[in-house]
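The next block holds one structure in the form of structure tokens; read it before the comments.
What follows is calculated from the coordinates using simple rules that are stated; it is not laboratory data. All values derive from a computational prediction rather than experimental measurement. In this analysis, Cβ positions are derived from the backbone assuming ideal geometry, glycine residues included, and neighbour counts consider all displayed protein chains.
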Amino acid sequence: MKVCLACGQRFEADDWCCPGCGHSPEVCNGHLSFAPDLAETSDGFDVDYFTPLARLEAGHFWFRARNRLLIWALRTYFPHASSLLEIGCGTGFVLSGIQGAFSELRLSGSEIFSEGLILAQKRLPCVTLFQMDARHVPFEEEFDVIGAFDVLEHIEEDDAVLHQMYQAAKPGGGIMLTVPQHRFLWTVVDQCSFHKRRYARRELVEKVEQAGFEIIRATGFVFFLLPLMLLSRVSRRRDHDDFDPVAELEVGHLLNAALERALGAERILIERGLSFPAGGSILAVARRPWR
């Protein structure tokens, strides 16, 4: 069901013209725009990163390993899902992986920045994409699964986003989340990545439950690499004037392959039921209860 963000009317229709107030969202760069004033810039991300991200994601161990973990989680916990919305889809790398694994799944993607949608559309020409502020989702009980992958940490009002995800998820459906973990890992890397926070597992679980969801699974991942992360971050200077987030992602071929294998072994243990108590990130899966 659609929700008019101007007047709050709920309605079913082929188009987005609200039957109550007549409001229709703008169209920017070929995409519906529900928050056009935020489409070019905000304090949550730097749009200049989208192009190098699109270049690096497909070969980078972290993005590849995360995609495999998410595809497994989707297949395991929502095997009968027919629709999925990714909030904060960026360049479309996660959605492209899900599309390759689930050809029958109806996919939608939202992104607050128009620049990200332009790149995502090149990867996903047949997927519905739209510009949206995650704090104001124009749907109610619409999607079987809603994902937000390394998105919540960029938004100050993360609790509002979770409540909006609850509104937009169908009863019996649910959400999948990934977020960075452990406050002691906070460094210039987080500052330059426009993070508002790193999460403790308990904190994330409580926020998800307060939004109305029931946690199905919560596990740390990037557990095997945690000592390397800690060593790397302890050595970081607090001054971020010379820090280059793009260079941070450029890893040598041999090291990249070794790190990907380590995360692959970790994923196998998660698939077999092991939930890691620590790790650079958290994967959380939760369900919206039936009425």
Pairing rule first: another cysteine's C-beta must sit under 4.7 Å. Under that rule, which cysteines of the chain stay single? CYS17, CYS28, CYS89, CYS126, CYS192
Tell me, what ³J(HN,Hα) does each residue in segment 145-154 have, in order and in whole Hz, if you take phi through Karplus 6.51 cos²θ - 1.76 cosθ + 1.60 with θ = phi - 60° and put x for Gly and Pro? 9, 10, x, 9, 10, 6, 10, 4, 5, 8
Round to a whole angstrom and tell me the spacing of the C-alpha centers of segment 67-131 and segment 17-47. 19 Å
Among THR187, GLY30, SER275, the residue whose Cα sits farthest towards the positive end of the charge dipole of the chain (+1 at Cβ of Lys and Arg, -1 at Cβ of Asp and Glu, taken about the Cα centre) is SER275
Using amide H atoms built in the peptide plane, which far-off residues or other-chain residues are under 5 Å from GLY172 H to H? ARG288, TRP290
Ordered by fewest other Cβ atoms within 10 Å, a rough proxy for footprinting exposure, MET132, MET176, MET1 read MET1, MET176, MET132
List the GluC sites (Glu not before Pro) in segment 64-142 that DSSP assigns to loop (not H, G, I, E or B) and whose Cβ has at most 11 other Cβ atoms within 10 Å. Which are they? GLU104
Here, ALA200 and ALA160, labelled 7 Å along Cα→Cβ, have an inter-label distance in nm of 2.5 nm
Hey, if you put +1 on the Cβ of every Lys and Arg and -1 on every Asp and Glu Cβ in the chain, which of LEU69, VAL208, GLY147 ends up farthest toward the positive end of that dipole? LEU69
Name the lysines eligible as straight-distance cross-link partners of LYS170: C-alpha to C-alpha under 22 Å, and not fewer than 8 places from it in the same chain. LYS2, LYS207
Need the full-extension length gain, TYR77 to GLN210, defined as separation in residues times 0.36 nm minus the C-alpha distance. One decimal, nm. 45.8 nm
Enumerate the amide H contacts of GLY147 below 5 Å, restricted to partners 5 or more residues apart or on another chain; note that Pro and chain-start residues carry no placed amide H. LEU85, GLU86, ILE87, MET176
Which of the GluC sites (Glu not before Pro) found in segment 5-58 are loop residues per DSSP with 14 or fewer other Cβ atoms within 10 Å of their Cβ? GLU12, GLU40
All other residues with a Cβ under 12 Å from the Cβ of LEU129 taken together, and with Lys, Arg as +1 and Asp, Glu as -1, what is their net charge? 0
Using the Cα centre of segment 29-287 as the reference point, and only Cβ charges (+1 on K/R, -1 on D/E), how large is the resulting charge dipole? Debye, rounded to the nearest 20. 1160 debye
With point charges of +1 on the Cβ of Lys and Arg and -1 on the Cβ of Asp and Glu, referenced to the Cα centre of the chain, which listed residue (PRO289, GLY172, GLY220) lies farthest in the positive direction of the dipole? GLY220
Using amide H atoms built in the peptide plane, which far-off residues or other-chain residues are under 5 Å from PHE139 H to H? VAL3
Here the membrane-span-like helices of the chain, with no claim about any membrane, defined by DSSP H, Cα axial extent at least 20 Å and mean Kyte-Doolittle at least -1.0, are 61-77, 253-271
